[in-house]
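The values are calculated or read from the model by the stated rules, or taken from the named source; none is laboratory data. Fair warning: this is a prediction, and the values are worked out from it, not measured in the lab. Positions of Cβ are generated from backbone atoms using ideal geometry, with glycine treated the same way; all protein chains shown enter the neighbour counts.
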Amino acid sequence: MVLTFKNQKITAFVILLSLLGACSSVKQRQVVAVNSVDSGAPATTTSDAPLSVPLPPVVTSLLQQAERDIDAGLYQQAEKRLQQAQRIVPAEPRVYLVWGHWAQARQRPYQAEQMYRRVLSLSSRGTSAHAAARRALEAMDIHREY
Amino acid sequence: MPKRKKAASPAPSPDKRRLLRSPAFYKVLTVFVLVFFVWVVYLDAQVRYKFEGKRWALPAQVYARALEIFDGRALNLDNLEQELALLQYQKQNNAERPGSYAVRPKGSGYQLDLFIRAHRLPNEVQPEVLIRFDLQGDVVGGLQTLKGQEKALYTLEPFKMAGIYPGQKEERELLSYEQLPQPLIEALLATEDRNFFEHGGISPLSIARAAWANFQAGRVVQGGSTLTQQLVKNFYLSRERSLWRKVNEAMMSLLLEWHYSKRDILETYANDIYLGQSGATAIHGFGMGSYFYFGKALEHLEFHELSLLVALIKGPSYYDPRRHPERALERRNLVISQAQDQGFIKPYPARMARAEAINIVTRPRIQTNRYPAFLDLVKRQLRRDYLEQDLRSEGLKIYTTLDPQLQTNLESAAARVMPRLDARNDQSLQMGAVITGVGTGEVLAILGDKKPRYQGFNRALDARRQIGSLIKPAVYLSALMDPEKYHLASLLNDQAFKIRFNNGDEWQPGNFDGKEHEQVSLLQGLMHSYNVATARLGLELGVETVHETLERLGVDVPLNPYPSIFLGAQSLSPFEVSQFYQTIASNGFNVPLRAIREVTTSQGEMLTRYGFEIEQVLPSQAVYLLQFALQETMRAGTGRSAYGRLPGALRVAGKTGTTNDNRDSWFAGFSGDYLGVVWLGKDDNESTRLTGSSGALKVWTEFMARIPQYPLVLQPRKDVNLHWFDQDSWSLTEARCEGAIQLPVWGEVDDLPRQNCDGRAADDKGWFKTWF
């Protein structure tokens, strides 16, 4: 099923909420600097907490601009901003959430589906991005999940 | 006073009268007129054909990615300064001009002022801007705008890394008449052709003036050619010095002026004039000359800089400001004085301009092919969409994904490690390496040879060599995709075996350490790269299953149909391995590798944007388990030596690969940001005496240690839960038990064996309880 324009607006709203809802996070992504002193193997391999991490302000700004560009039909500009955001935070599910929206707006349902799947693969249950991607897939009548 | 009567003209002599009456005279005259007419028509056709057609074959310009600066960006000062040096930025005490920067210590880090030049990117114009930011712990922070438009993200101009040239190497940056600064036009006309807007192509007055000046000086000090004649000479004619060429030049100048406007002629002149040489590449036009000498766009030059460009017209080699700064200075000041004499500039500013030192960039910004291996990849990808001829003549602008900082660090890592390894190999060791962005699929750096500037065989793309144990993740992934049957604690038999094929051949895999390990867990089999256990697992799964996994991972070459494929008897290039591991690093999503972001026309109109596309090809739960095992491989398995150099906080995942007789040394590994694949070997396929760990891993580690980056963070998956296992029996146990290890499991664990801390099975009640 192809989403209607109204549904797209709802998706955009959900995305905005997920962007704003990131404030409750407790963990910050940390760059490992060159010449860090703590050499030696990590003690264990662990799964890291998947809680929503605050987005760097520049990414929030890029995603919001991309949303506006999508709504205005400026798809190339929106894609460029999404690529910029992706390069900054390649494992950030919220980037792919907006990208899914972009693909839907461009009538590319398969790419949209893949982007939402990417969101699911990068986020865990309980996060707003995960929930938004699930809803988007359900709205597209896609229930199969890897 | 009566006027004197005008004397009557003398009557023609008899000879002349005879000649005028002679039919032969008219025949010769007719022939002469006809020849003249044909000559003029021929020259006219020549003039119009070239002027109205494509005037120059413009090479495609290939750019690296543009550096983006924003709060939170991982950035190391050394790396940044290397890139700024490539872009010809000058380090100063205060960043006062576009193209300069200043660094001050601040706390445990630095504070930088960076004056970014104005530049154009596809669909974007970035005006000049002065920014300030801190670098603490290799992270950008406190970004503020001191001058210019405030933004959250600033982009530097991309480094022009190469051109795709026609046979004759010429560099030019085309400018329209409107883009030529008025002071440049004035200085040019004052020096080269004062009557340009008055004459019709040739100027007898100028010729007479030049002849008189030359006569007075006793040598040639002044030329009488107009700008139009100079253009005709350079644009249409050869360098031959003959009267006939001079006649052609004069006639073509008249024709050019007859057909075209002064603005057209001046614009063409400004784009065509030869201004210098960069190796084998000729620099033409003021636009490119500006970059070549000053490292910035023509529109940003000051009057004294524009005057230097005009000064060079007379003799770019003789007045070369890099080799002969005094001559260049003298000539430039003459240009300024002539502009002053003509009233184009007032005395005071002229004096100020003459007082300016010649301030050119030390190294030309023109790069013919600094990164040959990367350019090779770019050309291959471009040829899918563009004709070779267009690439060499249409002036396309190719914006690539190359990251100069990563490329430089890859080259440095190779330069640091390879000599040590090569010493054991009679200097015949070779290498190929590919760095890509995790999840983005962007190719960021490539080495096709241990000598980075070598333009021959590109091993990163074309050296297809057996990959050894690099293939094992595909075997283990095939198993982990069947969660009903396999998990990381599943037991594998590691006792030697032999297979006899129908044709009588035998296959008997052995472990690298020559030992058998009875039963090992799936995790151990991968971590320690046990061949026997892996071969047995592969045989359980079947060759077809492993083939299917490899294909899903993006391996698109004919696959070895024999069980030896389980141990890596499969040839792939480093680039193909990168595609394979990119799918693993991207959680089971196929992300096609790409080296180009955008292609535009020479005027900046978008032609092609190479977008990001993905496809989920593998269940993310299985890939998660594999990533976990590959992290363990780095923490405590065959890749553990990397942490002798890497900080423990940089969690990475990876796999070593070694082939028979140590012919090939491989490593593929990734952090949260970068995936690196390194191959070492010899072109004659002889032994390197290196394993994946003692060879390729060293180069990879050296590279990764030089780059600030984010660690690999494993995101828990739906239906994947952590459970405690005993490390001897690999049964489920409790966290409090000695030697218990926590492993992720996809699916239910109800059917798995359990044991207590004392080693007894959890359902074993003990002899005492059983007795009762």
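Consider residue B:392 carefully, then state whether it is assigned to a helix (DSSP H, G or I), surrounded by fewer than 17 Cβ atoms within 10 Å (Cβ to Cβ), on the phi < 0 side of the Ramachandran plot and of a type outside the set (Ser, Thr, Tyr).
Numbers: assigned to a helix (DSSP H, G or I): yes; surrounded by fewer than 17 Cβ atoms within 10 Å (Cβ to Cβ): no; on the phi < 0 side of the Ramachandran plot: yes; of a type outside the set (Ser, Thr, Tyr): yes.
Taking the combined requirement at face value, the residue does not satisfy it.
Once segment B:693-709 is narrowed to residues that are closer than 13 Å to residue B:638 by Cβ and outside any helix (DSSP H, G or I), the residue that is farthest from the other protein chains (Cβ to nearest Cβ) is B:695.
Checked against (1) on the phi < 0 side of the Ramachandran plot; (2) in contact (Cβ under 8 Å) with a residue 60 or more places away in the chain, residue B:279 meets all criteria but (1). Contact map, segment B:368-397: first residue under 23 Å from residue B:271 (Cβ atoms), second residue basic (Lys, Arg), Cβ cut-off under 9 Å, separation 6 or more or different chains; pairs are B:368/B:169; B:391/B:379; B:391/B:383; B:393/B:54; B:394/B:54; B:395/B:172.
Could you check, for segment B:571-585, whether at least one of its residues is modelled with pLDDT of 95 or more and either of a type in the set (Asp, Glu) or part of a loop (DSSP other than H, G, I, E, B) (or both)? Yes, segment B:571-585 has at least one match. Figure legend. Inter-residue proximity from segment B:701-730: first residues more than 23 Å from residue A:126 (Cα to Cα), second residues among the charged types (D, E, K, R) and not in a loop (DSSP other than H, G, I, E, B), beta-carbon distance below 9 Å, spacing 6+ or different chains. Indicated pairs: B:702/B:416; B:706/B:78.
Table: residues versus (1) at pLDDT below 95; (2) farther than 19 Å from residue A:56 by Cβ; (3) part of a helix (DSSP H, G or I).
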site	(1), (2), (3)
A:76	yes, yes, yes
A:80	yes, no, yes
A:87	yes, no, yes
A:90	yes, no, no
A:97	no, no, yes
A:102	no, yes, yes
A:111	no, yes, yes
A:116	no, yes, yes
A:120	yes, yes, yes
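For residue B:503, the conditions (1) crowded, with 17+ Cβ neighbours inside 10 Å; (2) more than 46 Å from the chain's Cα centre (by Cα) all hold with the exception of (1). The residue that is nearest to the other protein chains (Cβ to nearest Cβ), counting only those in segment B:648-666 that are touching a residue at least 40 places away in the same chain (Cβ under 8 Å) and assigned to a strand (DSSP E or B), is B:653.
Test residue B:628 against the criterion of being at pLDDT below 95 and either surrounded by fewer than 24 Cβ atoms within 10 Å (Cβ to Cβ) or within 7 Å of chain A (Cβ to nearest Cβ) (or both), and give yes or no. The answer is no for residue B:628.
Per-residue answers, yes or no, for (1) aliphatic (A, V, I, L, M); (2) at pLDDT below 90:
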{"position": "B:374", "(1), (2)": "no, no"}
{"position": "B:378", "(1), (2)": "yes, no"}
{"position": "B:384", "(1), (2)": "no, yes"}
{"position": "B:390", "(1), (2)": "no, yes"}
{"position": "B:396", "(1), (2)": "yes, no"}
{"position": "B:399", "(1), (2)": "no, no"}
{"position": "B:402", "(1), (2)": "yes, no"}
{"position": "B:406", "(1), (2)": "yes, no"}
{"position": "B:411", "(1), (2)": "no, no"}
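For segment B:246-264, the condition holds for no residue, the condition being that it is in contact with a Leu (Cβ under 6 Å, 6 or more places away or on another chain) and outside any helix (DSSP H, G or I). Here residue B:742 fulfils each of the conditions (1) under 23 Å from residue B:635 (Cβ atoms); (2) away from chain A (no Cβ under 14 Å); (3) surrounded by fewer than 17 Cβ atoms within 10 Å (Cβ to Cβ); (4) under 46 Å from the mean Cα position of the chain (by Cα) apart from (2). When you check residue B:603 against the structure, is it modelled with pLDDT under 95 and either more than 7 Å from every other protein chain (Cβ to nearest Cβ) or farther than 30 Å from residue A:109 by Cβ (or both), yes or no? Yes: the conditions hold for residue B:603.
When residue B:661 is tested against (1) farther than 30 Å from residue A:31 by Cα; (2) surrounded by fewer than 24 Cβ atoms within 10 Å (Cβ to Cβ); (3) touching a strand residue (DSSP E or B) at 6+ places or on another chain (Cβ under 6 Å), just one condition goes unmet, and that condition is (3).
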